[in-house]
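Please read the structure below before turning to the comments.
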Amino acid sequence: MTRASSARSSLAVGAGLVAAAGVTAFAWGSLVERRMFTLREVPVPVLAPGSDPIRVLHLSDLHMAPWQRDKQDWVRGLAELKPDLIVNTGDNLGHADGVSGIEYALEPFRGIPGIFVNGSNDYYGPMLKNPLAYFGAPSLLRSALHEKLDIDHLHRVFADLGWLDLDNAAAALDLNGTHLELFGVDDPHIGLDRLDLITRAIDDLRASDPLSEEHWPDPEVASPPRPTLTIGVAHAPYQRVLNSFVNHGAQLILAGHTHGGQVCVPGYGALVTNCDIPRKQVKGLSLWDSGLHTSYLNVSAGLGTSIYAPVRFSCAPEATLLTLTAA
């Protein structure tokens, strides 16, 4: 065998091994890992000293199709954790009939306080895309080409559970002795966030609070101690949103959208984020610095994928149980 033919033979063997590894990795990611539903448990020392813990279940990016009973049953089982609060950061639907699967999956959480914001895949159905396009820029939504989903039905399901809609809105809850100020925006990925409304929403919320300073009967007397935690919620963690949330006083921010990169390289991490968040913060708990203040940020890798890209690699689907504790 000549040197040239030997080199060609070695290249052919190498190419075959690479192809085989690619097929094996795709098979693993498509058939196995995308169904390896995982609970990530994280302590967050964000409450006032002496406060009782608050257990927050963060759900995101279920991308539910009606036939995905394994995912639906796994989510139902999370009710055994007995969380104090559910936070749903959008992209619940992955099919025109996906709301039936969402309704079934979330029924055991009835009676547990919850909050939610929309993602683009609560408005519009998925469509086949070139995955290489994600390396150029965040995905674009061409609503004229996408199937419209029944978001009103989805919202009725959430309302029936007693959950609060935080799309460009604010609300308050009292849990385990802590007063929660909650605000959020509609999906920034498709430009529905109205950051200009956040200040007004928070001001209105505090003005309606009978224990706020302006309602306290004697300005010479300090108001009674009441530990307060401010939480911001969005689907897509764009930097403009995170900075605005922190500057509006958020001590904890929850988001989804990124799928944790969905396909990651071991030892390197996510290849894309599908927004402008740094890769190192594409999933998990981190600190976000707005330049003026900092906040804890939890980005969920989510529980689903598009039905047209049913694969995860080195990035298992997840829900997160955040245990908020005293700082």
Is one or more of the residues making up the range 267-288 among the small types (Gly, Ala, Ser), under 23 Å from ILE86 (Cβ atoms) and touching a residue at least 24 places away in the same chain (Cβ under 8 Å)? yes
Hits in the range 281-316 (condition: in a strand (DSSP E or B) and either over 22 Å from ILE253 (Cα atoms) or among the polar types (S, T, N, Q) (or both)): SER286, THR294, SER295, ASN298, PHE313
In this structure, is ASN243 of a type in the set (S, T, N, Q), closer than 18 Å to GLY184 by Cα, in a strand (DSSP E or B) and modelled with pLDDT of 95 or more? no
Quick check on this structure: which one of GLY232, GLY249 is open to solvent by less than 40 Å² (accessible area, probe 1.4 Å), at pLDDT below 95 and within 20 Å of ASN168 (Cβ to Cβ)? GLY249
Suppose the filter is more than 19 Å from TYR123 (Cβ to Cβ), surrounded by 18 or more Cβ atoms within 10 Å (Cβ to Cβ) and either of a type in the set (A, V, I, L, M, F, W, C) or in contact with a helix residue (DSSP H, G or I) (Cβ under 9 Å, 6 or more places away or on another chain) (or both); does LEU182 pass it? yes
In the range 66-112, the residues that are buried (at least 21 other Cβ atoms within 10 Å of the Cβ) and of a type in the set (Gly, Ala, Ser): GLY90, GLY94, GLY98, GLY101, ALA105
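The values are calculated or read from the model by the stated rules, or taken from the named source; none is laboratory data. These numbers were taken from a predicted model, which means no experiment stands behind them. FYI the Cβ positions are ideal-geometry reconstructions off the backbone, even for glycines, and counts take in every protein chain you see. What goes into the accessible areas is simple: the full protein's heavy atoms, side chains included, and nothing from ligands, DNA or RNA. Shrake-Rupley method; radii C 1.70, N 1.55, O 1.52, S 1.80 Å.
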